[in-house]
Amino acid sequence: MNFDFHTHAKLSKKSDFSISYLEEMAKKALLSGLDGLALTEHFNTKNFHEVYDTLDAHFPYIDGYYDIFGLKVFPGMEVDILEVGHILCIGDLPDVRALREQLVDYTEEESFIPLAELLKLRSSYEMLVIGAHPFRPSTPLKDLDPSLLKQLDAFDLNGKDLHTRGIEENIRDVKLLGVSLDKPVVGGSDTHHFMQYGSVYTILYRSCTNVRELKSAIINRQFTWEVAEDLHERVSEANRLKAILKKKLEV
């Protein structure tokens, strides 16, 4: 099962959610060879709940995932934390919605939730919690308290960072961080545009239909990951097209 653990369905936090854009993204994800993905939209994106309200209205939710043209889409969100860093929270839809409600007072930069508090909140739910792009200069999660980082389930080998920092350098750094904390490393494209799908992804050794199965596969390291030979081309083109689309929306 080819899986992407870090994806977005909107061009940016400020843009409106478009079902037609999501449908195009899903079709392209399938064409890129993906079987499933985690939809980790930013928790403080414009009208966060609209994303899942719209999905509920258009697609069946089956035992932990949306079936969108045969693509398994697992609910999630990307949460900013006070210490500076991003955390991917993937879970059953009611749990994702409930956790988001508990973060309603933490959506502004000056009031982001501390990691310890987020970890305490997530303990009430069955969730897969991943440290996103830990070596990104703007959000260096790697610098946080190791005792807190050890409470995460995995770290994100991120398509954007593989492009900007260099493939070999980023793989080396994230793998070493994972080894030092005894945590697995999964692949996530961090896409906002379909061209970025397939730049890096996780190959699960078995098909998963809910977050419990996903979490078990990751914790038990029943997976590997793959970086595309044309990663730089995919990410560069995604960035180019994303910029064009955002400019059109601003006109």
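The values are calculated or read from the model by the stated rules, or taken from the named source; none is laboratory data. Here the structure is a predicted model, which is why all the values come from computation and not from measurement. Glycine also receives a Cβ, built like all others from the backbone with ideal geometry; neighbour counts cover every protein chain displayed. These accessible areas exclude ligands, DNA and RNA; they are computed on the full protein's heavy atoms, side chains included. Shrake-Rupley method; radii C 1.70, N 1.55, O 1.52, S 1.80 Å.
Please give me the summed charge of the neighbours of Pro114: other residues whose Cβ is under 12 Å from its Cβ, Lys and Arg +1, Asp and Glu -1. Could the numbers behind the result be given before it?
Details: positive: Lys120; negative: Asp80, Glu83, Glu117, Asp145.
Taking every Cβ under 12 Å from that of Pro114, the sum is -3.
Assuming a ≥ b ≥ c are the square roots of the Cα gyration tensor eigenvalues, decide whether the range 20-123 counts as rounded (a/c under 1.5), prolate (otherwise, with a/b larger than b/c) or oblate. Let's see the in-between values first.
Numbers: a/c = 2.06, a/b = 1.97, b/c = 1.05.
Here the range 20-123 falls in the prolate category.
Kindly write out, for the range 89-101 in residue order, the coupling ³J(HN,Hα) from the Karplus curve 6.51 cos²θ - 1.76 cosθ + 1.60 (θ = phi - 60°), rounded to whole Hz, with x marking Gly and Pro.
Rounded to whole hertz, the list is 10, 10, x, 5, 3, x, 6, 4, 5, 5, 5, 4, 5.
Tell me the label-point distance for the pair Ala116, Glu101, using the 7 Å Cα-to-Cβ offset, in nm and rounded to one decimal.
2.7
What accessible area, in Å² to the nearest ten, does a 1.4 Å probe give for Ile244?
Result for Ile244: roughly 70 Å² accessible.
Protein chains only, probe 1.4 Å: how do His49, His232 rank by accessible area, largest first? Before the final figure, lay out the partial values.
Values: His49 50, His232 70 Å².
Highest to lowest solvent-accessible surface, that is His232, His49.
Modelling each spin label as a point 7 Å along the Cα-to-Cβ direction, I'd like the Glu23/Arg221 distance in nm, to one decimal.
So the two model labels end up 4.4 nm from each other.
Take the alpha carbon gyration tensor of the chain, find the square roots of its eigenvalues, order them as a ≥ b ≥ c, and report rounded if a/c is under 1.5; if not, report prolate when a/b exceeds b/c, else oblate.
It comes out rounded by the Cα gyration axes.
Could you check the spin-label model distance between Glu108 and Asp63? Points 7 Å from the Cα along Cα→Cβ, value in nm.
4.5
For the range 44-177, take N as its residue count and report Rg(C-alpha) divided by 2.2 N^0.38 Å.
Compared with the compact-globule rule of thumb, the range 44-177 sits at 1.11.
Please tell me the relative contact order of the chain in percent, rounded to the nearest whole number, where contacts are Cα pairs under 8 Å and at least six residues apart. Intermediate values should be presented prior to the final figure.
Working: 507 pairs, mean separation 52.6, N = 251.
So the answer I get is 21 percent.
Under the rule of -39500 (n - 2.57) per DSSP H run of 4 or more residues, summed and divided by the residues of the chain, what mean residue ellipticity at 222 nm is obtained, to the nearest 500 deg cm²/dmol? Mind showing how you got there, number by number?
Details: 9 runs with 97 residues, N = 251.
Rounded to the nearest 500, it is -11500 deg cm²/dmol.
Under the rule of at least 5 residues apart or a separate chain, name every residue whose amide H is placed under 5 Å from the amide H of Leu157.
HN-HN under 5 Å from Leu157: Val186, Gly187, Gly188.
Using a Förster distance of 22 Å, how high is the FRET efficiency between Glu229 and Asp143, based on the Cβ-Cβ distance and rounded to 0.05? Show your work: numbers first, answer last.
On the way: r = 32 Å, r/R0 = 1.44.
Between Glu229 and Asp143 the formula returns 0.10.
In the range 1-107, which trypsin sites (Lys or Arg not before Pro) are in a loop and have at most 15 other Cβ atoms within 10 Å, using DSSP for the loop call?
Numbers: sites: Lys10, Lys13, Lys14, Lys27, Lys28, Lys46, Lys72, Arg97, Arg100; in loops: Lys10, Lys13, Lys14, Lys46.
Of the trypsin sites (Lys or Arg not before Pro), the ones in loops of the range 1-107 whose Cβ has at most 15 other Cβ atoms within 10 Å are Lys13, Lys14, Lys46.
For a quick check: with amide H placed at 1.01 Å from N, whose amide H comes under 5 Å from Trp225's, ignoring anything fewer than 5 positions away on the same chain?
It is Ile203, by chain and number.
For the range 151-238, what does the alpha-carbon gyration tensor say about shape, rounded, prolate or oblate, given a ≥ b ≥ c as the root eigenvalues, a/c under 1.5 as rounded, and a/b over b/c as prolate?
On the way: a/c = 2.33, a/b = 1.36, b/c = 1.71.
Judged from the Cα gyration tensor, the range 151-238 comes out oblate (a/c at least 1.5, b/c at or above a/b).
Please state the charge dipole magnitude for the chain, taken about the Cα centre, from unit charges on C-beta atoms (+1 on K and R, -1 on D and E), reported in debye and rounded to the nearest 20.
On the way: 29 positive and 40 negative charges, 82 e Å.
Dipole of the chain, to the nearest 20 debye: 400 debye.
Name the longest site-free stretch of the chain, where the excluded sites are chymotrypsin sites (Phe, Trp or Tyr not before Pro) in a DSSP loop with no more than 12 other beta-carbon atoms within 10 Å.
Numbers: sites that count: Phe69, Tyr205.
Within the chain, the longest run free of exposed chymotrypsin sites (Phe, Trp or Tyr not before Pro) spans 70-204.
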